[in-house]
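The values are calculated or read from the model by the stated rules, or taken from the named source; none is laboratory data. Owing to the predicted nature of the structure, the values given are computational and were not obtained by experimental measurement. Glycine gets a Cβ as well: all are built from the backbone with ideal geometry, and neighbour counts include every protein chain shown. Accessible surface is based on the protein model in full, side chains and every heavy atom, while ligands, DNA and RNA are left aside. Shrake-Rupley method; radii C 1.70, N 1.55, O 1.52, S 1.80 Å.
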Amino acid sequence: NMGKTYAEAFLTNRLVSVENLYVLEKQKERIEFLKGEKFLKIFPEIQADIFKVDLIILAVKPQDSMDLFKQISPY
């Protein structure tokens, strides 16, 4: 929910366009929900080219952070 809040605020304040906003979501049902919310670029797993972006916001629950850090450490 926190990540969605950030994304919506960036879009509302025109800090980023919907075409340039990438969302990482691992839960399939949440992906479908986000598509219905007009998010265009939703990925179920980290891809190397995601690190070519200007800004990455990690909005994860504390208990999920170590797993995320392990996934991104090769990059």
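Worth pointing out:
- Just the protein heavy atoms count here, and of the accessible area of the chain at 1.4 Å, carbon and sulfur take up 53 percent.
- These residues, 64, 49, 54, go from largest to smallest accessible area, 1.4 Å probe, as 54, 49, 64.
- Axis angle, to the nearest 10 degrees, between helix 62-72 and the longest C-alpha principal axis of the chain: 80 degrees.
- Quarter the surface of the alpha carbon convex hull of the chain and you get the mean projected area, 5.0 square nanometres.
- For the Cα trace of the range 22-62, dividing Rg by the Kirkwood Rh returns an Rg/Rh value of 0.96.
- Computed over protein heavy atoms with a 1.4 Å probe, the accessible surface of the chain works out to 81 Å² per residue.
- In the range 24-75, GluC sites (Glu not before Pro) in a DSSP loop with at most 16 other beta-carbon atoms within 10 Å: 37, 45
- Once backbone amide H atoms are built at 1.01 Å from N, residue 43 has 23, 24, 25 as its partners under 5 Å, excluding neighbours fewer than 5 places away on the same chain.
- The helix-only estimate of mean residue ellipticity at 222 nm for the chain, built from DSSP H runs of length n ≥ 4 each weighted as -39500 (n - 2.57), is -12500 deg cm²/dmol after division by the residue total.
- Gain on full extension, evaluated as 0.36 nm per residue between residue 70 and residue 5 minus their Cα-Cα distance, stands at 20.9 nm.
- Magnitude of the charge dipole, the chain, Cβ model with Lys/Arg +1 and Asp/Glu -1, debye to 20: 60 debye
- Given 16 as the ceiling on other Cβ atoms within 10 Å, longest exposed-site-free region of the chain for trypsin sites (Lys or Arg not before Pro) in DSSP loops: 39-75
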